[in-house]
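Colleague: Here you go, one structure.
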Amino acid sequence: MTEDLLQLPLQFLKGVGPRKAADLKKAGLNTVEDLLFRFPRRYEDRSRLQTIISLRPGMTAAISGEVLNAGLAHTRRPGFRLFQALVQDASGQIQVVWPNQAFLKDVIRAHQRIVLFGKVELWGSRGLQVTDPEFEIIKDGAELDGSREAGRELDTLHTGRIVPVYERTGSVTPNMQRRFVWQALEQLPPDGFDPVPGDILATEQWPARRDALWQAHFPEATTSIDALNAFATPAQRRLIFEDFFVFQTGLALRRHENAQVKKGLVCAVDDRIRESARKVLPFKLTQGQRDALAEIVADLQKPWPMQRLLQGDVGAGKTIVALLAAVVAMDNGFQVAMMAPTEILAEQHYRTVVKVLDGRPYRTALLTGRVTAATRRDLLPAIERGEVNLVVGTQALVQEHVTFKSLALAVIDEQHRFGVVQRGTLAAKGLNPDVLVMTATPIPRTLALTECGDMEVSVIRGLPPGRKPIRTLVKADSRRDEVYALIRDEIKRGRQVYVIYPLVEESEKIDLKAATAMAEELTRVFPEFTVALLHGRMKGDEKAQVMRAFAGGALQLLVSTTVVEVGVDVANATLMVVEHAERFGLSQLHQLRGRIGRGEHASTCVLLYQAPWTDTARERLKAMADTSDGFVIAERDLQLRGPGDFFGTRQSGLPTLRAGDLTRDVDLLERAYQEARVRVDAGTLSPEQKAYVRGVWQRQFGLITVG
Ligand code: ADP
Ligand code: MG
């Protein structure tokens, strides 16, 4: 059966030993199917053979001929060996050279027929030569037309056709991979299982699976090379769709399964509760906030647990939305947990909670590492008895140490990692609460569809009215004096200033030194101001102390590493200077910049760069200066970095898409998302299709269960 062959480990293929298998595994290729879904990086048309007489310098050409003589040439450079051959076709002769490949003397010999693909160069007085070409020795009687219809025997793999060029994976060269792929394709039975539903194939006029695989790797000579290199042939698109479709079906099955789960506490909404929510409202919600709130409150009333991601740019006003949802749950007599990644953020939330809920009959509590043991001793049982309505705390603490009596809603703020695999539901002692995850990292829709595809997504676009736009300046480090003048002006006006230093793990010590030195320098430059340093290596309470001093206005200049990135809200801080801005990712810069522009005063962000900088660094800073729309920035970031790096780490839990590309194949992803959802909801997938999807998920994501 097809599945059986496709699911075999790659060592099954001839020529793949333990070493190569290990190298392929490192690149995410475990099974024969994985190998076949790893597209070539590009395609080269080596099919149109040229006559030797027609060759001109600068051409990349495919020629075929007979080897007249071959051997190692004498060179004057010590240690340098040149293998050369004289090749002749009906039109003429040409010299071919391979630098430093002495072993070819045992491969290429006189009288052989050979096909070559490579660059034609003018070589001084000696005339034209072909340098370091790919080649293939033609066995007697083999076809040269590049068509696989001619019995699919190995005619030529590497030349004389449109040739797939794979990425090198460890010890596996592109040529080897080409042979492995060919070998695998040859063994595919004609009537294998196809995970793409037949009606989709029919409407799209896409080829069947086996044909598509052949055409994606060894295209017929008539295929447009441009279409191939754009990954836009029907065969390629079909496989990309399949890749997305299988993944999306897995997500849809999970979502479907989630909807079968009964949650313990279902909220009801009536006029009394609406009035109660209105009472706490400190300002008029924006349309985006209202829509998001409506979606959340609708979920609260459903019998299955909500899993919703609330996206909104920094400062979009997610907190109040979460808090209003909390009011609904609390008015139903249930408990709510609000969790943040750091103590500073938890405290900040708690201040908001206390302010907004002032005078309302809810009992709230803050639970962080700073809460004394004595308080905690009283607090935990009170929560367990259900006497505390709202617990704000750090995520770790709340999830690990708290038992709730009636937890209906868990809000998780500033979540930056959404790995489908990592994200477990909140362990809530069998209550299956509604879960609202909030992030200020705008996620491009394509990523949201994959990373967070088993969650519902609400997006708050735009910012509350009255925000002052932030002016962003990109400056060379040599203009530091101007920046110091800016700092002085700003502080004299009563404002506060951030100076941000990059800190990357690999050079953490050096970076920390640099940040420390900068704090010292700024203390010298601005003796009249109070300057402090904040970094991740400081103890939690030390950090919090500095942050509190800054928030309270006691500090005027805060030199900080990126620990200040998430969610911190100091309205009086109106100037941010980012040192070594060229070293930051785009989304990270956007997050940082979001720390200013939060109050009534206009703000400025200065991105200081040190030359030399790369083109992408330049693009990043330009994008920052061009726009302040987090969603636009996120799309640019995705294009510049690629999906694997978008979340800052390859271990983000991002599913490994095999053929699809989230920036190139957006339309197919959308289509796959829709098709998968509709089919799972309507129950029209065959048991075989479901079993296949489960298999792929299991192999790719380990323990995860689907449907
Ligand atoms: P974020 O979405 O980044 O978490 P916050 O919830 O911290 O943003 O809100 C940012 C600021 O905007 C807060 O000071 C909040 O009080 C204010 N805010 C939120 N919504 C509105 C609104 N509709 N009108 C006016 N101010 C608002
Ligand atoms: Mg926030």
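The values are calculated or read from the model by the stated rules, or taken from the named source; none is laboratory data. All values derive from a computational prediction rather than experimental measurement. No Cβ is skipped: glycine too gets one built from the backbone with ideal geometry, and neighbour counts run over all protein chains shown.
Colleague: If you scan the range 309-342, which residues turn out to be of a type in the set (S, T, N, Q) and more than 15 Å from ligand 1 (Cβ to nearest atom)?
Modeller: If the condition is that a residue be of a type in the set (S, T, N, Q) and more than 15 Å from ligand 1 (Cβ to nearest atom), then N332, Q335 are the ones that fit.
Colleague: Just to be sure before I move on: is Q301 over 30 Å from E600 (Cβ atoms), polar (S, T, N, Q) and either assigned by TED's automatic domain parsing to the domain that holds K405 or within 15 Å of ligand 1 (Cβ to nearest atom) (or both) in the structure I sent?
Modeller: Taking the combined requirement at face value, the residue satisfies it.
Colleague: Take the residues in the range 320-345 that are assigned to a strand (DSSP E or B) and touching a helix residue (DSSP H, G or I) at 6+ places or on another chain (Cβ under 7 Å), then tell me which one is farthest from V570 (Cα to Cα).
Modeller: Restricting to residues being assigned to a strand (DSSP E or B) and touching a helix residue (DSSP H, G or I) at 6+ places or on another chain (Cβ under 7 Å), the top hit is V336.
Colleague: Q700 passes all but one of (1) within 27 Å of T233 (Cβ to Cβ); (2) at pLDDT 90 or above; (3) not β-branched (V, I, T); which number fails?
Modeller: Of everything listed in (1) within 27 Å of T233 (Cβ to Cβ); (2) at pLDDT 90 or above; (3) not β-branched (V, I, T), Q700 misses just condition (2).
Colleague: Further question on the same structure: Among the residues of the range 429-436, are any modelled with pLDDT of 90 or more, within 23 Å of the chain's Cα centre (by Cα), within 16 Å of ligand 1 (Cβ to nearest atom) and among the aliphatic types (A, V, I, L, M)?
Modeller: Checked the range 429-436: at least one residue is modelled with pLDDT of 90 or more, within 23 Å of the chain's Cα centre (by Cα), within 16 Å of ligand 1 (Cβ to nearest atom) and among the aliphatic types (A, V, I, L, M).
Colleague: Hey, P282 hits all of (1) in contact with a strand residue (DSSP E or B) (Cβ under 6 Å, 6 or more places away or on another chain); (2) within 16 Å of ligand 2 (Cβ to nearest atom); (3) not in a helix (DSSP H, G or I) but one; which does it fall short on?
Modeller: P282 satisfies every listed condition except (1).
Colleague: Within the range 314-363, track down each residue that is in contact with an Asp or Glu (Cβ under 6 Å, 6 or more places away or on another chain), over 23 Å from E384 (Cβ atoms) and crowded, with 24+ Cβ neighbours inside 10 Å.
Modeller: none
Colleague: Yes or no: Q260 out of contact with any Asp or Glu (no Cβ under 9 Å at 6 or more places or on another chain), modelled with pLDDT under 90, of a type outside the set (K, R) and away from ligand 1 (no atom under 16 Å from the Cβ)?
Modeller: When the stated conditions are applied, Q260 passes them.
Colleague: Follow-up. I'm trying to understand the selection: among the residues of the range 58-93, which are within 24 Å of L157 (Cβ to Cβ) and assigned to a loop (DSSP other than H, G, I, E, B)?
Modeller: The answer is M59, D89.
Colleague: Still on this model: List pairs: first in the range 278-295 and assigned by TED's automatic domain parsing to the domain that holds L463, second away from ligand 2 (no atom under 16 Å from the Cβ) and assigned to a helix (DSSP H, G or I), Cβ under 9 Å, 6+ apart or cross-chain?
Modeller: That search, which allows pairs on different chains as well, returns K279/V327; V280/V327; L293/A277.
Colleague: Given the structure, is V261 touching a Phe, Trp or Tyr at 6+ places or on another chain (Cβ under 6 Å) and β-branched (V, I, T)?
Modeller: Yes, satisfied.
Colleague: All but one of (1) over 30 Å from V16 (Cβ atoms); (2) in the same structural domain as G359 (by TED's automatic domain parsing); (3) part of a helix (DSSP H, G or I) hold for V246, so report the exception by its number.
Modeller: Evaluating V246 over (1) over 30 Å from V16 (Cβ atoms); (2) in the same structural domain as G359 (by TED's automatic domain parsing); (3) part of a helix (DSSP H, G or I) leaves (1) as the failure.
Colleague: Modelled with pLDDT of 90 or more, within 23 Å of the chain's Cα centre (by Cα) and not in a loop (DSSP other than H, G, I, E, B): does that describe L239?
Modeller: The answer is yes for L239.
Colleague: Considering only the range 267-278, I want to know if a residue exists there that is in contact with a Cys (Cβ under 8 Å, 6 or more places away or on another chain), at pLDDT 90 or above and away from ligand 2 (no atom under 16 Å from the Cβ).
Modeller: Checked against the condition, which is being in contact with a Cys (Cβ under 8 Å, 6 or more places away or on another chain), at pLDDT 90 or above and away from ligand 2 (no atom under 16 Å from the Cβ), the range 267-278 yields no hits at all.
Residue-by-condition table, conditions (1) away from ligand 1 (no atom under 16 Å from the Cβ); (2) modelled with pLDDT of 90 or more; (3) touching a His at 6+ places or on another chain (Cβ under 9 Å); (4) part of a loop (DSSP other than H, G, I, E, B):
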| site | (1), (2), (3), (4) |
| --- | --- |
| A410 | yes, yes, no, no |
| Q422 | yes, no, no, yes |
| A427 | yes, no, no, yes |
| I443 | no, no, no, yes |
| L486 | yes, yes, no, no |
| V499 | yes, yes, no, no |
| E506 | yes, no, no, no |
| I510 | yes, no, no, no |
| T516 | yes, no, yes, no |
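Colleague: Anything in the range 318-350 that is farther than 18 Å from T286 by Cα and within 14 Å of ligand 2 (Cβ to nearest atom)? List them, or say none. Let's see the steps before the verdict.
Modeller: Looking only at the range 318-350, we keep the residues that are farther than 18 Å from T286 by Cα, and these are 326-350.
Listed by number, the residues that qualify are M338, M339, A340, P341, T342, I344, L345, A346, E347, Q348, H349, Y350.
Colleague: Here's another thing I want to ask about it. For the structure I just gave you, tell me whether G567 is modelled with pLDDT of 90 or more and at positive phi.
Modeller: Here the answer is no, as G567 does not meet what is asked.
Colleague: State whether one or more residues within the range 375-395 are under 35 Å from the mean Cα position of the chain (by Cα) and surrounded by fewer than 20 Cβ atoms within 10 Å (Cβ to Cβ).
Modeller: no
Colleague: Are any of the residues in the range 370-382 within 14 Å of ligand 1 (Cβ to nearest atom) and acidic (D, E)?
Modeller: Scanning the range 370-382, I find no residue that is within 14 Å of ligand 1 (Cβ to nearest atom) and acidic (D, E), so the answer is no.
Colleague: Condition (residue is part of a loop (DSSP other than H, G, I, E, B) and modelled with pLDDT of 80 or more) applied to the range 628-651: is it met by at least one residue?
Modeller: Yes, because at least one residue in the range 628-651 is part of a loop (DSSP other than H, G, I, E, B) and modelled with pLDDT of 80 or more.
Colleague: Taking the range 590-627, which residues are of a type in the set (A, V, I, L, M) and either in a loop (DSSP other than H, G, I, E, B) or modelled with pLDDT of 90 or more (or both)?
Modeller: Across the range 590-627, the qualifying residues are I596, A602, V606, L607, L608, A611, L621, A623, M624, A625.
Colleague: Given the condition farther than 30 Å from A691 by Cβ, away from ligand 2 (no atom under 16 Å from the Cβ) and in a loop (DSSP other than H, G, I, E, B), answer yes or no: does some residue in the range 310-317 qualify?
Modeller: no
Colleague: Quick one: W206 ticks every box in (1) touching a Pro at 6+ places or on another chain (Cβ under 9 Å); (2) modelled with pLDDT under 95 except a single one, so which number is it?
Modeller: (2)
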